[in-house]
Structure formats: C-alpha cells, structure tokens
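Data block below; observations after.
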Amino acid sequence: MSTLALLVVLLLVLVGLLTFGGLACLVHQHPTWGAPIGIALAGVTLMVTLVTTIVTR
C-alpha cells in the first residue's frame, strides 16, 4: 500500500471518529433521535461493507 493510500485511510478514520462523536453527542442531547440515527448508521455500514468487498476484488 502506498503512502498516499495510508494517509487517505487515516483521514477517513479521523473523519469517522469526528462524525460518530458528533452523533453520540446529538443522541445524548436528543434521546428520541437515537433510533433513526441508528438505522441510518446501519445502512451506511452495509453500504461501506459492500463497497469494500467490491474494491478489494
């Protein structure tokens, strides 16, 4: 893996951590939004899994 690819992966991990931290804060302040955000994250997780599987082939 090249250095550029590793930097992109690091950037994506950091952005993901910031996003999940923001969502956790939002759900903590507005508990009724927990279920819709959970369903949305499950959908995004499924899409990321499928894209990762296709890209690695």
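For the chain, what does the accessible surface come to per residue with a 1.4 Å probe? Please give it in Å². Don't skip to the end; give the middle numbers.
Values: 4900 Å² over 57 residues.
That works out to 86 Å² per residue.
Put a dot 7 Å past each Cα toward the Cβ at Leu14 and Thr45; how far apart are the dots in nm?
2.5 nm
Would you calculate the volume per residue, in Å³, of the smallest convex hull containing every Cα atom of the chain?
Cα-based convex hull of the chain, divided per residue, equals 56 Å³.
Relative to the present Cα-Cα distance, how much length would full extension add between His28 and Leu7 at 0.36 nm per residue of separation?
That pair, His28 and Leu7, stretches by 4.4 nm at full extension.
Share of the chain's accessible area from carbon and sulfur, percent, 1.4 Å?
81 percent
The values are calculated or read from the model by the stated rules, or taken from the named source; none is laboratory data. Treat the numbers as computed from the prediction; the structure is a model and nothing was measured. Note: ideal-geometry Cβ built from the backbone for every residue, glycine included; neighbour counts use all protein chains shown. For the accessible areas, the whole protein counts, side chains as well, though only heavy atoms, and no ligand, DNA or RNA atoms are used. Shrake-Rupley method; radii C 1.70, N 1.55, O 1.52, S 1.80 Å.
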